Structures are given as structure tokens and as C-alpha cells.
Amino acid sequence: MDFDDTPEEAAFRAEARAWLDANAKPKVDAEQRINVMGGYRDDPASIAEAKRWQATLADAGWSAIHWPAAYGGRDASGLESTVLFEELARYDVPDTLFAIGVAMIGPTIIAHGTDEQKERYLQPMRRGEEIWCQLWSEPDAGSDLASLGTRAERDGDEFVLNGQKVWTSGAHYCDFGLGIFRTDPSVPKNKGISCFIVDLRTPGITIRPLRQITGEAHFNEVFFDDVRIPASNLVGDLDDGWRVARTTLMNERFATGSLGDSRSTFDALLEHAQATGRATDPVVRQELARVHTLGRLFDLTNARVRTALATGGIPGVEGSILKLAIAQLGTAVADLGVRVCGPGGMLTGPDAPEDGRWADALLGAFAMHIGGGTDEVQRNIVGELVLGLPREPDPSREVPYRDLPR
């Protein structure tokens, strides 16, 4: 592995850092360094601020740089995109709302969408004028996403949607969603699925936020009752939605796993232990060493991905490994931070130690083990593709969907 910037990479990093220094403020709040959901804000003022920032990025050529230049990107390599993300992570900027669209859905539309879809949706997405979500999981289709049952039935020049999605991040403030729906129940479950663009303001759609253990409502239920969408909203071929979805899922695993390096997070934890006088406690020191080790393992895996990108390779299962690693690291950091606080670590709010940020971080860390594919799903991927273990048994794999027990 190569840990040093190449001359080209160093020049790109310097360019990005110079622009960010002139247009953004570095992160100084410990909460921003320890809480995986710390940058999430969905009030109208915060959304307006995030849209202004995204437009600023786009105007300066720093939004969606991995997209082809024909669609407003810079034809940037995967390594350059990683460098930009590393630099952005150092600054207090509201970029959370657009990650799903720019990092996951945009590349999917570029790969599988029609020319008309690219013309209509990509630029407003890149500029932050329209916010996107994924209409993926369902009550009976979480880890086994291919078991989804929400229907899309053809009716002339339209499709009619009926069913329910759940755990949809940000749906309550989004304009559009990219969703997968059952279009042919006569074939096995992963073959009769199609992918559609859905305008969330369409009549018949009901969005209900889900209140989490943190008190926030980041996720949502989305209900479809005879929702009519144009047939032109089909992305890719009819009944080929599983292949389209795999493009999005791969982008998602890299996006959720590639969260910069661990040094800032560990430094915040160490500063916390020193400020409370616990850094000399031998048990705390041992736990600090464990967290540092987890962080370094994450950084080394990131370095493997960076090296592959620098040499023209395409990372594979590393996305799943990084997704597992960041969830494990985030929980370990927050858990130790709470224990260092002592009994007050169980409190949140202004009366808690450090305003309850460590408790908030621990409660927020649970989401990282679920969103973007559960830990168990990622372990299955690693087991099958890296360790060569047999596939998870699935007797329903070749059974027509309509014959499956529901």
C-alpha cells in the first residue's frame, strides 16, 4: 500500500484545501467528530443553508466531481473523489442531505437512465435544487431486499404503485426517490423487479417520519395508494431493476464506509478522557488502545482502496469491509466516551456532561449497523466473495414470487 500522495494527488488536495479554506470553516466541535449523525439537520433553515452550500460547490466545480464532464462533473478518478471527501470531512459544511443523490442515485441514472432522464434530473441534483432518497426497504424486505412486494402495474402510459416502503432516509424533505417495485410476480423474486423515479409529491403518497431513540426522525415510512407515475420514469429495462439496484447498492456501501480517517475521532475521544482525568486509568488506557487499533485497521483498509484506485484498479468487497469497520469503530468510540463520563454519561441535554454529546453519539451509532445493509449482510458478502464460503441457503431463490408464503 502507498500511504503518500502522488504529486498529482498532492496538487489536487492542495487545490481543494485552498478553496475550502476560502469558503468554509474547519470543524472544531467535538460532536461533529464523534457522532455519525452529528451533521444531520432537517429544519427548513438548515435545508436552505445546505442548498446554498451545494449550489456554491456546483458553481465552483466541486460537486459530483466523479460524474462525467458531460453531466457537470470533472471526470475525476475514484482517488480524486476520495481526496475531496477527506478534505470536506475537515470542514463544518452541510453536505449530508445530498449524499444519496449525488453519490448513489446520480451514478445509477448516468449508467442506466435515458437521455431524457439525465437531462431532466442530473443538474438539479448536482446543484442541490432537488433532494433525493432511496425507496428500497419494506416491512418484509430488509436484509432480503429481493423479497420486496410493493407493486408497479402497467396501465397504458403509466404505472400504478401500491404498497409500503420503510426506513427511507430523508423522505419527509425529499423531492424525488429512486425505488424498486415488483412488476412480474410470476418469476423468482429477484427477476421480476423494476426501477422507477418517483416524484414524492404525487397524489396517493403518504410519508410518516419514524421517531428514533435519539429523538430525531431521520427515517420514514412511505405508503403508496394507487400512485400513478409516467411509464417514462422507468430506469433501465422492465424487470431488470435488480441489476440497476446493485449499481446503487455498491455506491452506497462505499459512501457509508468511506468516512475519512479515524484520527480526528480518536483525538476527540482522547481529549475527552484527558479532560475528565480518566486517561491515566489503566482500564481506560486499554480501551483507548483498542479504539486506536480499530481506527488504524479502518485507515489501513481505506489505504488499500486508495492504492487500488491510484493504480487503476476497481475496489470490490472493500466497500462491505469499510461499512463494517466504520460501524464498529463508531460504536466503540461512543461507548467508551459514555463510560468515561461516569454515571452522567447516561444523560442527554444541557445538564449532561459535555451537553450529552457522548450519549447522543452512542444512540446514533446504532443506525450505522443497519443502514446501507446490516452488519450480517456485509459479513455474508465478505464470507462468500473473500473467504469462499458457500452461499447463504435460500430455498425460495428459484420459486416464483407469487408462490412464496407471505
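Between Glu384 and Ser186, the distance separating the two model label sites (each 7 Å from Cα on the Cα→Cβ line) works out to 2.7 nm. Probing with 1.4 Å while keeping every protein chain in the model, the per residue accessible area of the chain equals 47 Å².
List the equivalent ellipsoid semi-axes of region 38-91 in whole Å, largest first, each obtained as the square root of 5λ for an eigenvalue λ of the Cα gyration tensor.
Here the semi-axes work out to 23, 15, 8 Å.
With the simple spin-label model, which puts each label point 7 Å out from Cα in the Cβ direction, the Arg151 to Arg228 separation comes to 1.7 nm. Once the Cα-Cα distance is subtracted from the 0.36 nm per residue extended length, the Arg13 to Val399 segment shows a gain of 133.8 nm.
Relative to one another, the C-alpha centroids of region 180-245 and region 104-121 are positioned 17 Å apart. Does region 95-157 come out rounded, prolate or oblate by the C-alpha gyration tensor, with a ≥ b ≥ c the root eigenvalues, rounded set by a/c under 1.5 and, if not, prolate when a/b is larger than b/c and oblate if not? Oblate shape, in that a/c is at least 1.5 and b/c is the bigger or equal ratio. Using the rule -39500 (n - 2.57) for each DSSP H run of four or more residues, divided by the residues of the chain, the 222 nm mean residue ellipticity is -13500 deg cm²/dmol. Based on alpha-carbon centroids, what's the gap between region 163-179 and region 316-347 in Å, whole number please? Value for the Cα centre distance between the two parts: 27 Å. Name the shape class, rounded, prolate or oblate, that the alpha-carbon gyration tensor gives for the chain, where a ≥ b ≥ c are the square roots of its eigenvalues, rounded holds for a/c under 1.5, and otherwise prolate holds if a/b is larger than b/c and oblate otherwise. Note, shape of the chain comes out prolate. Remark on the chain: Cys195, Cys341 stand apart, with no other cysteine beta carbon under 4.7 Å.
Principal-axis analysis of the Cα atoms of the chain puts helix 78-88 at an angle of about 50° to the longest axis. Could you work out the local net charge near Pro230, counting Lys and Arg as +1, Asp and Glu as -1, over the other residues with Cβ closer than 12 Å to its Cβ? Overall, the nearby charge balance is -2. Shape summary of region 197-301, radius of gyration then Dmax from alpha carbon positions: 22.5, 65 Å. For the chain, the longest principal axis of the Cα atoms and the long axis of helix 318-341 meet at an angle of about 50 degrees. Rolling a 1.4 Å probe over the protein heavy atoms of the chain, with every protein chain left in place, gives an accessible area that is 53 percent carbon and sulfur.
Could you give the length gained on full extension between Ala217 and Glu116, defined as 0.36 nm per residue of separation minus the Cα-Cα distance, in nm?
32.9 nm
Against the chain, whose longest principal axis is taken from its Cα atoms, helix 115-127 shows a tilt of about 20°. A convex hull fitted to the Cα coordinates of region 61-116 yields 83 cubic angstrom per residue.
How would you classify region 357-406 from its alpha-carbon gyration tensor, with a ≥ b ≥ c the square roots of the eigenvalues: rounded for a/c under 1.5, else prolate if a/b is greater than b/c, otherwise oblate? It comes out oblate by the Cα gyration axes.
The values are calculated or read from the model by the stated rules, or taken from the named source; none is laboratory data. Bear in mind that the values here come from a model prediction, so they are computed numbers and not experimental data. FYI the Cβ positions are ideal-geometry reconstructions off the backbone, even for glycines, and counts take in every protein chain you see. Note: accessible area is taken over every heavy atom of the protein model, side chains too, but ligands, DNA and RNA are not part of it. Shrake-Rupley method; radii C 1.70, N 1.55, O 1.52, S 1.80 Å.
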